[in-house]
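What follows is one structure encoded as structure tokens, with my remarks underneath.
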Amino acid sequence: MSNKKFIERTLVILKPDAVQRSLVGETVKRFENLGLKFVGIKLVLPKKENVRMHYTVDPDWIRLTGEKAMKAKENQGINISESAEEIGERVLESLIKFMTSGPVVVIAVEGASAVPLVRKIVGSTEPLSSDVGTIRGDYVFDSYAMADINNRAIRNLIHASSDIESAKKEIKIWFDEKELLNYSTAQERFIYDVDLKNILQ
């Protein structure tokens, strides 16, 4: 396989809303159709500590999330008295509550440029602004405004790692090394094999 240097692993989590709405099969089909491979997959009921570790893989996540929320409120003409850290912590608590409300499907996905490809298929974080053709754009219409009014986490069906380093750290949170399999599939030959040997006998 000459394109091995392009092979990446990323983490996908089908959140409680995807499981409850029976969208697991429809969602994983999108990744398989593209030629990505699952090297680890399981149904789990997340623990609070796992969710907290997951969202704080980036030590600046709480502050950055708070700053993003503050900016959105300011753009709406709403004055904020809390700090970015306080707002970020509140967002994290709402995510923990949501992610531990029911089972999720955790998937380690492998393939060439897996991280950007998966994010492209998934769509932007806010379903309302996601493009038609993406998972979020096709299957959910939730928005930041609706989530804010109800003081809850946005329901956007799916998580996808933001970059290669985050993916490595997130996969370690959800999978033991022995749960990740190295194997080949028949379709990989057609995607990666330069010479396509042995097709004609």
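Every read-out reported here was derived from the displayed coordinates using simple, explicitly stated rules and does not represent laboratory data. As the structure is a prediction and not an experimental result, all values here were calculated from the model. With ideal geometry, Cβ positions are generated from the backbone for all residues, glycine too; neighbour counts draw on all protein chains shown.
In degrees between 0 and 90, to the nearest 10, how far off the longest principal axis of the chain does helix 164-174 point, with axes built from Cα atoms?
Taking Cα atoms only, the helix is inclined about 80 degrees.
Any idea what the relative contact order of segment 62-156 is, in percent, if you count C-alpha pairs under 8 Å spaced at least 6 apart?
20 percent
Compute the signed sum of charges (Lys and Arg +1, Asp and Glu -1) over the other residues within less than 13 Å, Cβ to Cβ, of Ser129.
Result for the local shell: -2.
So what is the calculated 222 nm ellipticity per residue for the chain, using -39500 (n - 2.57) for each DSSP H run with n of 4 or more, over all residues, to the nearest 500 deg cm²/dmol?
Only helices count here, giving -13000 deg cm²/dmol.
Classify segment 115-158: rounded, prolate or oblate, from the alpha-carbon gyration tensor (a ≥ b ≥ c, eigenvalue square roots; a/c under 1.5 rounded; otherwise prolate if a/b is larger than b/c)?
Since a/c reaches 1.5 and a/b is larger than b/c, the shape of segment 115-158 is classed as prolate.
Within segment 97-118, name every residue whose backbone N is under 20 Å away from a label modeled 7 Å from Cα of Tyr183 along the Cβ vector.
Answer for segment 97-118: 105-112.
Add +1 for every Lys or Arg and -1 for every Asp or Glu among the other residues with Cβ under 13 Å from the Cβ of Glu165, and state the total.
Here the charged neighbours net out to 0.
Mind telling me which of Asn156, Asn50, Asn79 comes out most flexible in a GNM of the chain, alpha-carbon contacts under 10 Å?
Asn79
Taking the Cβ of Ala112 as the center, what net charge do the other residues with Cβ under 14 Å away carry, scoring Lys and Arg +1 and Asp and Glu -1?
Computed value for this residue: +2.
Compute the separation of the alpha-carbon centres of segment 103-173 and segment 37-102 and state it in Å as a whole number.
Taking the Cα centre of segment 37-102 as reference, the centre of segment 103-173 is 13 Å away.
Is the C-alpha gyration tensor of the chain telling us rounded, prolate or oblate? Criteria: a/c under 1.5 is rounded; beyond that, a/b larger than b/c is prolate, otherwise oblate.
Here the chain falls in the prolate category.
For the ranges 104-110, 83-89, what's the packing order if you count other beta-carbon atoms within 10 Å of each residue, average per peptide, and put the highest first?
With the highest mean Cβ count within 10 Å placed first, the list reads 104-110, 83-89.
For the chain, what proportion of DSSP beta bridges, expressed in % and rounded to the nearest 5, is antiparallel?
If we restrict to bridges inside the chain, about 95 percent are antiparallel.
Over the chain, what is the mean sequence separation of C-alpha contacts under 8 Å (at least six apart), divided by residue count, expressed as relative contact order in percent?
35 percent
So what are the radius of gyration and Dmax for the Cα set of segment 129-201, in Å?
19.6, 64
Shape of segment 1-107 from its Cα gyration tensor (a ≥ b ≥ c, root eigenvalues): rounded if a/c is under 1.5, otherwise prolate when a/b > b/c, or oblate?
It is prolate, given that a/c is not under 1.5 and a/b is the larger ratio.
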